[in-house]
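I have placed the structure first, in the form of structure tokens, so that the comments after it can refer back to it.
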Amino acid sequence: MAKPLVFISYSPEDEDLKDQLLSHLDVLSRAGLVELWSADQIGAGAEWQTEIDNSIDQAKVALLLVTANFLNSDFILDEEVPALLQRHEEAGLIIVPVIAKACAWQRVDWLARLVGHPERVKPIWRGPDTPVDETLAALANYVAKIVAGETPLDSDWPPPERTTERPAGDSVAGDKVMGDKIAGDKIEGDKIGGDKVLGDKKNVLQIGTLNVPLVPLIIALIVILAILGFVSYRTFSPAVVPTPIPSSPTKNHFDVLVAEIGQLGSEGQLRSSETGAAISEQIFESFREELTSLPPSLQNDFNPSVWHDNLFPLPDRQKIGLIANETTAAERAQTIGAEMVIYGTLDETGDPTRFIPQFYIAPIKGEALEITGSEEFGSPIDILEGDGGNLGGFNLDIKLRNRATALSLFSLGLMYDFIGFHGNALEVFQGALETPDFRRTGAAPVFHYFAGRSALFLDQTSDGETDTSNYQELALNNFQTALNGGYPRAHIGLGSVYLAQAEALSAPERLETDTLAQAILHYQTAADNPVLSATQRTAARIGLGNAYQLKGSTLAQTEEKEEALLWLDKAVQEFEATLEPLRSMEQFRYLGQAYLSLGATYTLAGRLRFDSNELSTSKILYEKAHEAFDACVALASLAPADDTLTQEIINSQRGCKQGIVIVTEAESILEEN
């Protein structure tokens, strides 16, 4: 059986870098896992172009050793790259750009679209102290997983930057809680290793040869699990912030349905009308014109399609028809498999008749709940009677065209957002806000909200070294502007910014400032707002539970146990209230997060009850924690293809299985008493 072929594209001027790369990949070759091919293997007298073409046709993985030399090579750019991209599109060749040396790769469109986690990318050879071997070893392991058919972890490539210094954070038993580890890895001079619970000592944990009081350490572990494990899946964001996926072997699709615009009479019934049909056709034509004017590279990435019953009908005789409300829009989107629906109504009950444009965004499993649902898109458009029944004449035509242009820009921003290019999405949303014609559409609050959302994603996906306060400030300003414009969904965004700011504070600082209180206020306001959809209110309740949990665990760290228990109980109520809605929506990734956080909250509450010698109550809480963690693990069978659920939420060191280990240890201590 032929071994998977790894094709290496490089500039001859970078021969030394290629050789260092091969020294790590040769480990895979000697293990019989891969066959390696690079241009220096072409023998004298061979048809070099034929050799290269054959190797590309046989390759499973292509590594691009990117430097300025690479990007200035006519042969690579004119011969190898087009063949590789064609193979990528037609046969699923996996292309892995390896940014070897500093160069302006971000300005090369085809390359920038292939780079996953661009915010995390750093040149491998960038200085004498850079970990070249560690990075190349990580790349070799990443390739090994791909050729073996395994699903690489999100952190496999590019590897996150390893740092030895950590910013100040929460203090728990003298150690600072950062990420999913206890920073410093020392407690009173002894290193952590081989943790064991001593059954005959109810408040002691054996760490190596040192006995350490159990209470603060259990709290530390629970804080890590419940807060920091959940932070990376903040409610506002997708379950994991979307990562760039243009290197996926299948194309992305973005389907938009333009429905017939119905006329709403005084009796409240929606019916067809010539005016509504004409408006629908004009929106479709303008919308399609805008999307088809996108650069070919973007069209290839997103493959956008705009459908209309008369002008561009759906296959298999499917119909969009009249859409009166969000329920119908959701049904159409689900049945047809569309990401967005444009619809609206003509309201003739007033004078003049008004057109109210609306859009619906379909739920995407694992993605952010708070963007799902219907919205009015801008202010209503007056329909004035014009000459010859021409939809009110030229002014209406301009208004519709401006609105269609705004909708197409909005769709483009969403496309970027869904595949993880949040910087591009932010540019689209903010660029639209700066357009003079756009300001007259009344859609600015929608764009401000989504601009804030993209800025917050950029904050959450930073490399840990970059100062992201500007992103947070940008997100905060956009959300506040959206809220001032009457966009109530912005409360969820504001809650998320304040929660992120609170998480960055030490425990005493959280209690001294009103940052966490602001997060709670905005989440609560959104959760109680009947204008928001049930899906959006569910998202707000998860955020509210997360904020309550942070408040409770912060109080637990400062030894204010009774008040901590009150806040943890509030968190439990919020998380439990979201379980059934999330299950009914089949949002299993979010459901896993809710179970993870619920189990962690029960565990911490059980530990605090144990400290107060309320052993029976503690036992009940531990049992509930076990149930929550078990329910989380069981979700793997309902969504086996969701790697984020199985690998990050269930199986990671901050996931539900680790929660079972922690609560089992806690239960064993309880049994000894």
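Go through the residues of segment 531-542 one by one and say whether even a single one is under 16 Å from L511 (Cβ atoms) and within 22 Å of the chain's Cα centre (by Cα). Within segment 531-542, not a single residue is under 16 Å from L511 (Cβ atoms) and within 22 Å of the chain's Cα centre (by Cα). Is it true that some residue in segment 534-555 is modelled with pLDDT under 90 and on the phi > 0 side of the Ramachandran plot? Within segment 534-555 (the criterion being modelled with pLDDT under 90 and on the phi > 0 side of the Ramachandran plot), the answer is no, since none of the residues qualifies.
Exactly one residue out of L5, L21 is closer than 19 Å to A137 by Cβ and either open to solvent by 70 Å² or more (accessible area, probe 1.4 Å) or modelled with pLDDT of 90 or more (or both), and it is L21.
Answer yes or no: is there a residue in segment 363-376 that is hydrophobic (A, V, I, L, M, F, W, C), modelled with pLDDT of 75 or more and in a loop (DSSP other than H, G, I, E, B).
no
Scanning segment 479-509 for residues that are of a type in the set (F, W, Y) and closer than 18 Å to A444 by Cβ yields F479, Y487.
Within segment 299-348, count every residue that is more than 24 Å from T535 (Cβ to Cβ), in contact with a Lys or Arg (Cβ under 9 Å, 6 or more places away or on another chain), buried (at least 16 other Cβ atoms within 10 Å of the Cβ) and aliphatic (A, V, I, L, M). Number of matching residues: 2.
Candidates in segment 456-477 are the residues that are modelled with pLDDT of 85 or more and over 19 Å from the mean Cα position of the chain (by Cα); of these, the one that is most open to solvent (accessible area, probe 1.4 Å) is E473. Exactly one residue among A59, A83, A100 is open to solvent by 10 Å² or more (accessible area, probe 1.4 Å) and not charged (D, E, K, R), and that residue is A83. Within segment 634-646, the set of residues being open to solvent by 40 Å² or more (accessible area, probe 1.4 Å) and either assigned to a helix (DSSP H, G or I) or touching a Gly at 6+ places or on another chain (Cβ under 6 Å) (or both) comprises A634, S637, D643. For segment 613-651, a residue qualifies if it is among the polar types (S, T, N, Q) and in contact with a Leu (Cβ under 9 Å, 6 or more places away or on another chain), and the qualifying residues are S618, T646, Q647.
Taking each residue of segment 573-602 that is buried (at least 24 other Cβ atoms within 10 Å of the Cβ) and looking for partners that are of a type in the set (K, R) and part of a helix (DSSP H, G or I) with beta-carbon atoms closer than 9 Å, six or more apart or interchain, yields E574/R541; F575/R541; T578/R541; L591/R583; L598/K624; G599/K624; Y602/K624. Taking (1) over 25 Å from A455 (Cα atoms); (2) modelled with pLDDT of 85 or more; (3) open to solvent by 10 Å² or more (accessible area, probe 1.4 Å) in turn, E90 satisfies each apart from (2).
crowded, with 23+ Cβ neighbours inside 10 Å and either over 28 Å from E563 (Cβ atoms) or without any contact (Cβ under 8 Å) to a residue 40 or more places away in the chain (or both), is that true of I650? Considered against the rule, which asks whether it is crowded, with 23+ Cβ neighbours inside 10 Å and either over 28 Å from E563 (Cβ atoms) or without any contact (Cβ under 8 Å) to a residue 40 or more places away in the chain (or both), I650 comes out as yes.
Answer yes or no: is there a residue in segment 608-617 that is under 24 Å from A577 (Cβ atoms), open to solvent by 50 Å² or more (accessible area, probe 1.4 Å), not in a helix (DSSP H, G or I) and not acidic (D, E). No - not one qualifying residue is present in segment 608-617.
Listed here are the helices (runs of 4 or more DSSP H) enclosed by segment 263-357 that have at least 2 residues being of a type outside the set (G, A, S), farther than 26 Å from D417 by Cα and at pLDDT below 85: 274-292. Among the residues of segment 536-569, those that are more than 21 Å from C632 (Cβ to Cβ) and either charged (D, E, K, R) or open to solvent by 10 Å² or more (accessible area, probe 1.4 Å) (or both) comprise R537, K551, Q557, T558, E559, E560, K561, E562, E563, L565, L566, W567.
Taking E665, is it open to solvent by 40 Å² or more (accessible area, probe 1.4 Å) and in contact with a strand residue (DSSP E or B) (Cβ under 6 Å, 6 or more places away or on another chain)? Taking the combined requirement at face value, the residue satisfies it. Considering segment 40-56, and only residues there that are open to solvent by less than 40 Å² (accessible area, probe 1.4 Å) and either in contact (Cβ under 8 Å) with a residue 24 or more places away in the chain or assigned to a helix (DSSP H, G or I) (or both), the residue that is nearest to L114 (Cα to Cα) turns out to be I56.
The values are calculated or read from the model by the stated rules, or taken from the named source; none is laboratory data. Not measured: the values here are computed from a predicted model. A quick note on method: Cβ atoms are made from the backbone with ideal geometry, for glycine too, and the neighbour counts reach across all protein chains shown. The accessibility values were calculated without ligands, DNA or RNA, using every heavy atom of the protein model including side chains. Shrake-Rupley method; radii C 1.70, N 1.55, O 1.52, S 1.80 Å.
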